[in-house]
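Since every read-out is calculated from the coordinates, none of them should be taken as a lab result. Predicted model only: the values in this text are computed from it and were never measured. Don't worry about glycine lacking a Cβ; one is built from the backbone with ideal geometry, like all the others, and counts go over all protein chains shown.
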Amino acid sequence: MELSDTLLCLFGSEIDHQDGSYTIDIPGREVELGDLEPERSYRIAMIPQARTQPDSDPDPNEESAQSTAESSPPVTEGDHRTVEIETIGDQGDGIARVERGYVVIVPDTNPDERVEIEITSVTDTVAFADVVERYEDHE
């Protein structure tokens, strides 16, 4: 699947039905920490969750590729991201989260600090990054 370079955020949500309307809840962090602004219009793309009961015989190659994509880290070495440091880990390094809650460890940062990072090392469960730029006032 190809995603547009103009993608502002990516998150999972369920569609809720209430009083004849349907709504999608946007996580607060996408507005508070991301590029979304209240009272502004956006286009939304809907990507279905993996089916539990296929309509036909599944293509084993397609299923394997989807499973690999979902289980592989959402970052690669050399990626640049803008993140907010959520907390400090046991070793004193900053911790940020990206897609699917994947953890990125960023040394020499503080909670609530917004930084641009470059991913330097990736494992299945965690990535490590260096600060490229610090944003003084991100509120």
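Some notes on this structure:
- About its Cα centre, segment 80-135 has a charge dipole of approximately 160 debye under the convention of +1 per Lys or Arg Cβ and -1 per Asp or Glu Cβ, with nothing else charged.
- Whole-Å distance, taken between Cα centres, linking segment 12-28 and segment 80-139: 30
- Shape of segment 80-135, Cα gyration tensor, a/c cut at 1.5: rounded
- Neighbour-count order for V106, V98, fewest beta carbons within 10 angstrom listed first: V98, V106
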